[in-house]
Amino acid sequence: MVSYAQTPDFSQSHTNYIYTNPAFAGITNCPHAYTSYRTRYASIDGGYASNFISFDMYVSQLKSDIGFYFIHDIQNSIYYSTLFQGIYAKEFQIRKKLFFKTALSFGVVQTKIQTKNLVFSDMLNPFSEDLEQTNEVFFDEKSLFGTVEPAFLLYSDNFFAGVTAKHIQSVFGKNHSKNYPLEPVILLYAGTEFSTTKAFTKKYLIVMYPYVHVTISPLVSYTQIGMIAQKGRIQFGGGYRQNLPVDAESFEVFVGFFEKKFKFAYNCDVSINSYIKNNFNSHEVSLSYNFDCITKRKKYEAVKAPLF
């Protein structure tokens, strides 16, 4: 029997930019830390939960950006995966305010199956409510794999567009389904910004951040489009996610609060065609913090986006 697992995804792609595209590493110049927690189908016993931590910064000695991210994902209290990846990114200036970044992320992922939470047919007794001991024989309950993720990013002071390929090495391996349980995933992400008025009337200024996020994989593909509005220290907005090719899935409602150095955000996904009675079944919270700069790179301006 062959089993597959999809890579965890996060609705807050506009805040969790390191996971969306590792080439964003160091884009704020100063050291930056981010953490989030996402739960899905909490009404189901076990549910699905994802924990994420990332850190990135610019290193003047290397004239490059480095970072890492860590994910611990639990699927229905049965399938556990833990991933750690390091990031190296390099920036190139094309024009005065136009930059191109390339990044390579590499690391390890450990997968584990909790066989004690599985139920097999030989455990069922029609004359008793108790489960009997199974005669199934299990192999490779815990496995360790390497992973590689190249990424590219083009940005200026008011737009960005990028692409990344997760678990790309599984494409080149023979019979990879038996050796690597995570399928390759292509992520496309782009966004821009515009405001409702000029800076001299800053009191009434509202900045809009539209974005689009496309995920393509053999198991699940979807498109997510959204708009984040910022007024003062408050951000609010939402998005619409549709499974490809035609199956609509959910709306996203987002609210965030930020100061100079930290930002807190929350979003709820509202399912449209869920088979579960509770349509408000996905929740995600995040917290990011910008540390004081050690050394800043000399550049005209970083990309403006709701993630910064």
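The values are calculated or read from the model by the stated rules, or taken from the named source; none is laboratory data. This structure is a prediction, so every number in the text was calculated from the model and none was measured. Virtual Cβ from ideal backbone geometry, glycine too; neighbours counted across all protein chains shown.
Here are some notes:
Rundown of residues vs (1) in a loop (DSSP other than H, G, I, E, B); (2) over 20 Å from SER143 (Cα atoms); (3) touching a residue at least 12 places away in the same chain (Cβ under 8 Å), yes/no style:
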{"residue": "LEU62", "(1), (2), (3)": "yes, yes, no"}
{"residue": "ILE74", "(1), (2), (3)": "no, no, yes"}
{"residue": "SER77", "(1), (2), (3)": "yes, no, yes"}
{"residue": "TYR80", "(1), (2), (3)": "no, no, yes"}
{"residue": "PHE84", "(1), (2), (3)": "no, no, yes"}
{"residue": "PHE92", "(1), (2), (3)": "no, yes, no"}
{"residue": "ALA103", "(1), (2), (3)": "no, yes, yes"}
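- Here LEU131 passes the criteria (1) surrounded by 16 or more Cβ atoms within 10 Å (Cβ to Cβ); (2) in contact with a helix residue (DSSP H, G or I) (Cβ under 9 Å, 6 or more places away or on another chain); (3) not β-branched (Val, Ile, Thr) except the one numbered (1).
- Qualifying residue in the range 77-91 (condition: surrounded by fewer than 18 Cβ atoms within 10 Å (Cβ to Cβ), of a type in the set (A, V, I, L, M) and over 30 Å from VAL163 (Cβ atoms)): yes
- Residue check for ILE71: surrounded by fewer than 18 Cβ atoms within 10 Å (Cβ to Cβ), touching a strand residue (DSSP E or B) at 6+ places or on another chain (Cβ under 6 Å) and at pLDDT below 95: no
- GLN242 in a strand (DSSP E or B) and modelled with pLDDT of 90 or more: no
- Answer from ASP65, ASP73 - the residue that is of a type in the set (Asp, Glu) and under 23 Å from GLU284 (Cα atoms): ASP73
- When the residues of the range 155-180 are filtered to those that are assigned to a loop (DSSP other than H, G, I, E, B) and out of contact with any helix residue (DSSP H, G or I) (no Cβ under 7 Å at 6 or more places or on another chain), the one that is modelled with the lowest pLDDT is ASN175.
- Selection count, the range 56-77, where residues are more than 16 Å from LEU182 (Cβ to Cβ) and either of a type in the set (Lys, Arg) or over 14 Å from the mean Cα position of the chain (by Cα) (or both): 14
- Here LYS96 fulfils each of the conditions (1) at pLDDT 80 or above; (2) within 25 Å of the chain's Cα centre (by Cα); (3) among the charged types (D, E, K, R) apart from (2).
- Here the range 135-149 is the region considered, the condition is being modelled with pLDDT of 75 or more and either surrounded by fewer than 10 Cβ atoms within 10 Å (Cβ to Cβ) or not small (Gly, Ala, Ser) (or both), and the residue that is farthest from VAL163 (Cα to Cα) is LEU144.
- Complete set of residues in the range 17-50 that are modelled with pLDDT of 90 or more and assigned to a loop (DSSP other than H, G, I, E, B): ASN21, ALA25, PRO31
- Take the conditions (1) assigned to a strand (DSSP E or B); (2) farther than 26 Å from LEU182 by Cα; PHE152 misses just one of them, which is (2).
- Residue check for VAL285: part of a strand (DSSP E or B) and either over 23 Å from THR192 (Cβ atoms) or modelled with pLDDT under 85 (or both): yes
- Complete set of residues in the range 30-73 that are in contact with a Gly (Cβ under 8 Å, 6 or more places away or on another chain) and within 20 Å of ASP269 (Cβ to Cβ): THR39, ARG40, TYR41
- Residue that is farthest from SER217 (Cα to Cα) [pool: residues in the range 150-170 that are surrounded by fewer than 20 Cβ atoms within 10 Å (Cβ to Cβ) and hydrophobic (A, V, I, L, M, F, W, C)]: PHE159
- Scope the range 45-63; condition surrounded by fewer than 17 Cβ atoms within 10 Å (Cβ to Cβ) and of a type outside the set (D, E, K, R); matching residues: GLY46, GLY47, ASN51, ILE53, VAL59, SER60, GLN61, LEU62
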